[in-house]
Amino acid sequence: MENNSINYDDHETVMKMIIESGELPPVLYKYTTFDTGLKIIESGKIRFSVPTDFNDPFDCQLTIDTDNSDDELDLYVELLAKERGLTEKQKTEFRTKIQDSDYRFKLTNKAVKEATQELGISCFSLQQDNLLLWAHYAEKHNGIVLKLDILKDTSFFMTPYPINYIIQYPIFNDVRDDYFKGGGYLTKILVETKSLDWQYENEVRIMKQGRGDYHINKEAITDVIFGCQVFDSEKSKFVKIAQDNGWNHLKFTSAKKKDWQFGLDFSEYKTT
């Protein structure tokens with residue numbers, strides 16, 4: 001199917017294409033604390049945060065490049081003038097301003113700061129058995145992991161960003177990238193890029209416009225996996241609250257430490 005024939009408002013079709021292409025798996029996993037998991041079950045909502053709330057101060061960072069040729073600046077001014085309906089005088093004034101690389105740097109830096117404050121991001125993983133993720137994000141194995149089926153709520157997962165792990169900050173040149181790589185390129189490289197040190201997370205991010213709690217179709221959360229440190233009494237409490245809130249389709253699984261190696265086994269948790 002050619003790009004010009006895609007209806008991007010048809011979320012189900014678009015997400016099916018992304019999954020079939022191998023860009024995204026059909027399921028994702030959400031590591032979280034026990035109490036946060038209960039809140040998700042009680043409210044039917046998942047929290048999206050702004051990047052400044054993240055635990056990594058290097059997240060959503062980039063290098064601003066202001067090295068542009070006169071031809072690039074001329075083309076940029078022409079495109080911007082056409083888009084904004086600038087007069088010849090305004091075009092000339094703007095062309096004079098952007099000749100100054102410091103001025104372009106300040107403009108780009110402002111755009112980056114504004115973008116990071118407007119983003120709402122929730123983080124997921126490709127794995128359910130990552131020991132570091134269980135320790136860091138699921139309350140030292142006292143929390144839970146939610147298994148999510150993307151196609152059960154394609155609108156919720158419509159803006160996925162599999163993370164690209166690299167050594168250096170991505171480079172962004174506003175004059176060159178804004179018009180030649182699309183208006184969403186700045187957001188794309190901010191959201192999808194992290195340090196190589198975080199590669200173990202196998203992360204996929206879902207983006208919304210702004211922080212807050214966003215509804216998810218109950219059917220999209222298919223399984224709850226209890227950490228190996230969660231007591232049976234807490235598991236029973238969680239199951240009861242889920243059933244009281246209409247989550248009767250959920251499957252419950254318990255993680256258990258493997259006997260002879262570093263790892264987890266998983267088995268069905270059966271309520272009595």
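The values are calculated or read from the model by the stated rules, or taken from the named source; none is laboratory data. Worth saying up front: this structure is predicted, and the values here are computed from it rather than measured. All Cβ positions, even for glycine, are placed from backbone atoms using ideal geometry, and neighbour counts span all protein chains on display.
Couple of notes before you dig in:
- Looking only at residues of the stretch 101-127 that are of a type in the set (Lys, Arg) and without any contact (Cβ under 8 Å) to a residue 40 or more places away in the chain, we find that the one that is farthest from PHE156 (Cα to Cα) is LYS106.
- Residue count for the stretch 243-262, restricted to those that are touching a residue at least 60 places away in the same chain (Cβ under 8 Å), surrounded by 11 or more Cβ atoms within 10 Å (Cβ to Cβ) and under 18 Å from ASN142 (Cα atoms): 1
- Scanning the stretch 212-255 for residues that are basic (Lys, Arg) and closer than 14 Å to LYS39 by Cα yields LYS218, LYS237, LYS240.
Here's the yes/no breakdown for (1) at positive phi; (2) assigned to a helix (DSSP H, G or I); (3) among the polar types (S, T, N, Q):
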site	(1), (2), (3)
PHE48	no, no, no
ASN55	no, no, yes
GLN61	no, no, yes
ASN68	no, no, yes
LEU73	no, yes, no
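- Filter pass, TRP198 being in contact with a Cys (Cβ under 9 Å, 6 or more places away or on another chain) and not in a loop (DSSP other than H, G, I, E, B): no
- Taking the listed residues ASP178, ASP197, the one that is of a type in the set (Asp, Glu) and surrounded by fewer than 19 Cβ atoms within 10 Å (Cβ to Cβ) is ASP197, with no other qualifying.
- Restricting LEU126, LEU131, LEU62, LEU80 to those that are at pLDDT below 90 and touching a Phe, Trp or Tyr at 6+ places or on another chain (Cβ under 8 Å) reduces the list to LEU80.
- Scanning the stretch 200-215 for residues being at negative phi and either exposed (fewer than 14 other Cβ atoms within 10 Å of the Cβ) or of a type outside the set (Val, Ile, Thr) (or both) gives a total of 11.
- Boolean, TYR137 is of a type in the set (Phe, Trp, Tyr), without any contact (Cβ under 8 Å) to a residue 12 or more places away in the chain and either under 30 Å from MET15 (Cα atoms) or touching a helix residue (DSSP H, G or I) at 6+ places or on another chain (Cβ under 9 Å) (or both): no
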